[in-house]
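Notes for the one structure printed next.
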Amino acid sequence: MYQAAHRPTGTGTGAVIVEFTNISKKPCIVQGHPTVAGAGNGSPQHNAPLSVTRTGSASAVRLAPGGKAWTKLTFVQVQGEADGYCVSGSTPVVYPTLVVGLVKSGLHQVALSDGQFAECDNKVTVTAVSSVRPS
C-alpha cells in the first residue's frame with residue numbers, strides 16, 4: 001500500500017493505493033470492492049472495520065501468475081502535527097496496518113510503505129478492483 005499521487009481536492013482528504021499480486025502458479029480472478037478494517041495494534045485479531053462507500057462498477061479482473069490489480073482508498077486524514085485532530089471532532093485513529101478483504105481472495109494485512117494509516121470518522125471510499133493502476 002502506498003500514497004496515491006492524485007488525491008481528491010480539498011484539505012484533509014487522503015488517498016492510498018492497495019496493490020494485489022497473484023502469487024500462485026495459476027491464473028486467478030479478482031472482482032469487487034474490498035472490505036477495509038484497521039488492524040488494531042497491527043494485529044488482524046483486533047480488527048476495527050471501517051464503513052466502506054463503494055465507487056465505480058465492478059468487473060472480473062483476470063490475473064496471470066505474477067499479475068497485479070489495484071484499488072484506491074480515500075479517507076478523511078488526521079490534521080495537524082504530533083497528536084493531530086479531526087475536523088469533525090471525532091477522535092483520530094492510527095493503524096500500523098489495514099486488513100483488506102476481497103471475496104474469494106481472503107483477507108490481506110497491508111502496511112503503508114511510508115508510515116501508518118491515520119484517519120478520522122472510521123470510513124473509507126473504495127474503488128472497484130481494476131487491472132489499471134490508479135494514480
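The values are calculated or read from the model by the stated rules, or taken from the named source; none is laboratory data. Given the structure is predicted, the values throughout are model-derived calculations rather than measurements. Every residue, glycine among them, receives a Cβ derived from its backbone with ideal geometry; neighbour counts consider all protein chains shown. Protein only, heavy atoms only, side chains kept; ligands, DNA and RNA dropped before computing areas. Shrake-Rupley method; radii C 1.70, N 1.55, O 1.52, S 1.80 Å.
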Quick check, is Gly40 surrounded by fewer than 19 Cβ atoms within 10 Å (Cβ to Cβ), within 16 Å of the chain's Cα centre (by Cα) and touching a residue at least 40 places away in the same chain (Cβ under 8 Å)?
yes
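Per-residue answers, yes or no, for (1) small (Gly, Ala, Ser); (2) free of Cβ contacts under 8 Å to residues at least 12 places away in the same chain:
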{"site": "Lys68", "(1), (2)": "no, no"}
{"site": "Val76", "(1), (2)": "no, no"}
{"site": "Gly80", "(1), (2)": "yes, yes"}
{"site": "Ser88", "(1), (2)": "yes, no"}
{"site": "Val99", "(1), (2)": "no, no"}
{"site": "Val132", "(1), (2)": "no, no"}
Criterion violated by Ile29 - all others in (1) loosely packed, with under 12 Cβ neighbours inside 10 Å; (2) assigned to a strand (DSSP E or B) satisfied
(1)
Condition first: within 19 Å of Gly115 (Cβ to Cβ) and either assigned to a strand (DSSP E or B) or open to solvent by 60 Å² or more (accessible area, probe 1.4 Å) (or both). Now tell me which residues in the stretch 12-26 satisfy that.
Thr13, Gly14, Ala15, Val16, Ile17, Val18, Glu19
Looking at the stretch 33-43, is at least one residue of a type outside the set (D, E, K, R), modelled with pLDDT of 95 or more and not in a strand (DSSP E or B)?
yes
Got a sec? Which of Leu107, Leu73, Leu98 is open to solvent by 40 Å² or more (accessible area, probe 1.4 Å) and assigned to a strand (DSSP E or B)?
Leu107
